[in-house]
Amino acid sequence: MTLEQTKEQVENTAPQRRCICCRGNGKKTGLLRFAVIQGCLCFDLRQKLPGRGYYVCAQNHCLEKAFESGFRRITKHESKELAPDVQTFVREILLPGLKKRYTEYLLAGYQSHRLLLGADSVEHAAQADQLAAYIIASDASEATAQKYRMNAERKQLPVLGLYDRSFYGCLFGKSDKVVLGWMPGTLFDEFSVLESMIRRLSAE
């Protein structure tokens, strides 16, 4: 089975949930989960809180609708327990939580040997067609970034990355890292969805 066939199979079997606002269906991991705990509405970052989950698309217009009426239907009263308004929620709760989760995925990938550090390891995996995505530090030189973006385009691989080289170096207790590489698997799939969510919410 090829990598593309494996991805398609995973896509077809991934758990689906419905947004309480737009009523659109999407992969569970690509939606935000909320739960009511002892009468209080809680953002379920890791999607593990007990009880029924309520899902919202990770985009501002659905979150705004949730704050206007969707959460009120769930809790039967104002949703002020979560945050005073959607902007505060996104800025002070949602994005910090998602970025913390993002860091946890990086560490889990490194510990499970699914995330490769450094140019030599990444290039070797790319040459062997074992790479799923590049991560390029935000402060990589223009020449370095262009080199890896060209490699990614040639291999039809995505280019990810939110942080600078010192962040990655400190996170893994290594020297500064300009390029990292994800190998295929569930960790990468969930990580890439998470990065898309962070980028979308940060830009809106």
When the gyration tensor of the chain is built from Cα positions, what are the square roots of 5 times its three eigenvalues, in whole Å, from largest to smallest?
35, 19, 14
Could you tell me what % of all Cα pairs in the stretch 86-204 have separations over 22 Å?
32
Using +1 at the C-beta of Lys and Arg and -1 at the C-beta of Asp and Glu, which of 96, 15, 83 has the Cα lying farthest in the positive direction of the dipole of the stretch 14-96?
15
Tell me what the chain gives for mean residue ellipticity at 222 nm when only DSSP H runs of n ≥ 4 count, each as -39,500 (n - 2.57), the sum divided by the residue total, rounded to 500 deg cm²/dmol.
-13000 deg cm²/dmol
Please find the FRET efficiency linking residue 38 to residue 16, where r is the Cβ-Cβ separation and R0 is fixed at 22 Å, and quote it to the nearest 0.05.
0.15
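Please rank 197, 150, 183, fewest neighbouring Cβ atoms within 10 Å first, as an exposure proxy.
Result, fewest neighbours first: 150, 183, 197.
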Dipole of the chain (Lys/Arg Cβ +1, Asp/Glu Cβ -1, origin at the Cα centre): which of 117, 37, 145 lies farthest to the positive side?
37
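Going from the alpha-carbon gyration tensor of the stretch 48-103, what semi-axes, largest first and in whole Å, does one get by taking the root of 5 times each eigenvalue?
Gyration-tensor ellipsoid for the stretch 48-103: 19, 15, 11 Å.
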A correct fewest-to-most ranking of 124, 113 by other Cβ atoms within 10 Å would be 113, 124
Given Cβ point charges of +1 (Lys, Arg) and -1 (Asp, Glu) and nothing else, what value in debye, to the nearest 20, does the dipole of the chain about its Cα centre take?
760
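Using the Cα centre as the reference, give the magnitude of the dipole from point charges on the C-beta atoms of the stretch 14-96 (Lys, Arg: +1; Asp, Glu: -1; all else neutral), rounded to the nearest 20 debye.
Taking the Cα centre of the stretch 14-96 as origin, the dipole is about 480 debye.
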Relative contact order for the chain using alpha-carbon pairs under 8 Å, separation at least 6, rounded to a whole percent?
20
With contacts defined as alpha carbon pairs under 8 Å and 6 or more residues apart, what's the relative contact order of the stretch 14-96 in percent?
26
Alpha carbon centre of the stretch 16-32 versus the stretch 143-184: separation in Å?
30
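Percent of alpha carbon pairs in the stretch 37-76 separated by more than 11 Å? It would help to have the intermediate numbers written out before the result.
Details: 530 of 780 pairs.
Distances greater than 11 Å cover 68 percent of the Cα pairs.
Here, each number is a calculation from the coordinates, and none is a lab measurement. For clarity, every value in this text was computed on a predicted model and none was experimentally measured. FYI the Cβ positions are ideal-geometry reconstructions off the backbone, even for glycines, and counts take in every protein chain you see.
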